[in-house]
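Peer 1: First the structure, which I've put down as structure tokens, then a few questions once you've had a look.
The values are calculated or read from the model by the stated rules, or taken from the named source; none is laboratory data. Quick caveat, the model's predicted, so the values are computed rather than measured. Positions of Cβ are generated from backbone atoms using ideal geometry, with glycine treated the same way; all protein chains shown enter the neighbour counts.
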């Protein structure tokens with residue numbers, strides 16, 4: 001006799017209690033170590049059925065979350081602030097990177113000692129429209145360097161021009177350059193005082209208000225996943241490598257090790273992985289407001305919640 005014939009005899013309340021809410025988590029890039037904790041997260045153990053949606057260049061996760069085409073999405077803190085100023089009610093729940101991995105990479109042979117030295121000569125490849133680039137230009141005028149568009153992950157120009165500087169992630173292009181024998185040196189953008197949370201789990205304010213329990217369970221699962229990944233990334237790296245074979249297992253391991261100090265610090269050890277502070281959000285809002293990008297300045301209390 002077919003099993004399905006017995007289903008009507010099971011109380012509806014029991015079925016409802018056993019069913020897991022189906023949730024989508026939209027990433028803003030391919031499966032890589034910056035998302036390791038999400039792939040390691042024990043979602044089913046927290047009563048959730050989560051589908052991870054890999055992304056790519058330009059994936060509009062903040063719009064996806066605001067429109068409800070994904071219940072959760074990975075965004076950047078500065079991106080979230082601008083979105084809220086434009087009327088997109090998105091809320092940060094968990095910040096993976098406490099220190100932003102963005103940096104400028106130069107050749108060590110130039111013997112530069114601080115980030116401001118970069119702007120004295122040479123070529124700088126950078127995305128000029130982004131908040132960090134505009135803040136750099138206010139702090140260090142660009143009139144003595146040649147500005148060209150960022151090449152993304154392409155290191156060709158850097159490897160062949162000792163005066164070439166480009167924006168990178170210290171957990172990505174910098175490691176690749178070192179593996180290829182370049183005398184690379186990085187200057188973190190955070191050294192300028194601009195240090196937005198990165199790889200931030202966000203949801204819509206409407207979803208948070210209607211589903212506070214699910215959001216809390218989601219954060220708990222993500223926190224458990226990041227704890228597991230930080231402690232032992234190998235099994236999850238093998239899983240992600242199957243989804244993204246363009247990155248070698250050695251590359252996964254190297255990046256996972258390099259990013260640990262950006263994810264876990266004294267604050268997270270005291271308050272939990274992914275936790276955020278009001279002061280950090282307040283500072284970031286003021287920095288972006290100073291660029292004239294905010295039609296309506298959001299309150300830091302509306303930008304995030306620690307669950």
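Peer 1: Scan the stretch 280-297 and report the pairs whose first residue is free of Cβ contacts under 8 Å to residues at least 12 places away in the same chain and whose second residue is loosely packed, with under 14 Cβ neighbours inside 10 Å and not in a helix (DSSP H, G or I), with Cβ atoms within less than 7 Å and a gap of 6+ or a chain change.
Peer 2: From residues that are free of Cβ contacts under 8 Å to residues at least 12 places away in the same chain, the pairs are 289/297.
Peer 1: Name the residues in the stretch 48-77 that are out of contact with any helix residue (DSSP H, G or I) (no Cβ under 6 Å at 6 or more places or on another chain), closer than 26 Å to residue 280 by Cα and in a strand (DSSP E or B), would you?
Peer 2: Residue satisfying the conditions is 72 alone.
Peer 1: Something else about it: Could you identify the single residue in 167, 114 that is outside the structural domain of residue 32 (by TED's automatic domain parsing) and either surrounded by 20 or more Cβ atoms within 10 Å (Cβ to Cβ) or closer than 18 Å to residue 285 by Cβ (or both)?
Peer 2: One residue alone meets the criteria, 167.
Peer 1: In this structure, is residue 42 at pLDDT below 95, closer than 24 Å to residue 272 by Cβ and in the same structural domain as residue 264 (by TED's automatic domain parsing)?
Peer 2: No, not satisfied.
Peer 1: Which residue out of 181, 272, 251 is touching a helix residue (DSSP H, G or I) at 6+ places or on another chain (Cβ under 9 Å), over 19 Å from residue 73 (Cα atoms) and free of Cβ contacts under 8 Å to residues at least 12 places away in the same chain? Steps first, answer last, please.
Peer 2: Details: 272 fails: free of Cβ contacts under 8 Å to residues at least 12 places away in the same chain; 251 fails: free of Cβ contacts under 8 Å to residues at least 12 places away in the same chain.
After ruling out the rest, the residue left standing is 181.
Peer 1: Follow-up. Give the residue, chosen from 206, 143, that is more than 21 Å from residue 119 (Cα to Cα) and either free of Cβ contacts under 8 Å to residues at least 40 places away in the same chain or part of a helix (DSSP H, G or I) (or both).
Peer 2: Values: 143 fails: more than 21 Å from residue 119 (Cα to Cα).
Every option except 206 fails the conditions.
Peer 1: Condition test on residue 80, is it modelled with pLDDT of 95 or more, touching a strand residue (DSSP E or B) at 6+ places or on another chain (Cβ under 8 Å) and part of a helix (DSSP H, G or I)?
Peer 2: It is true that residue 80 is modelled with pLDDT of 95 or more, touching a strand residue (DSSP E or B) at 6+ places or on another chain (Cβ under 8 Å) and part of a helix (DSSP H, G or I).
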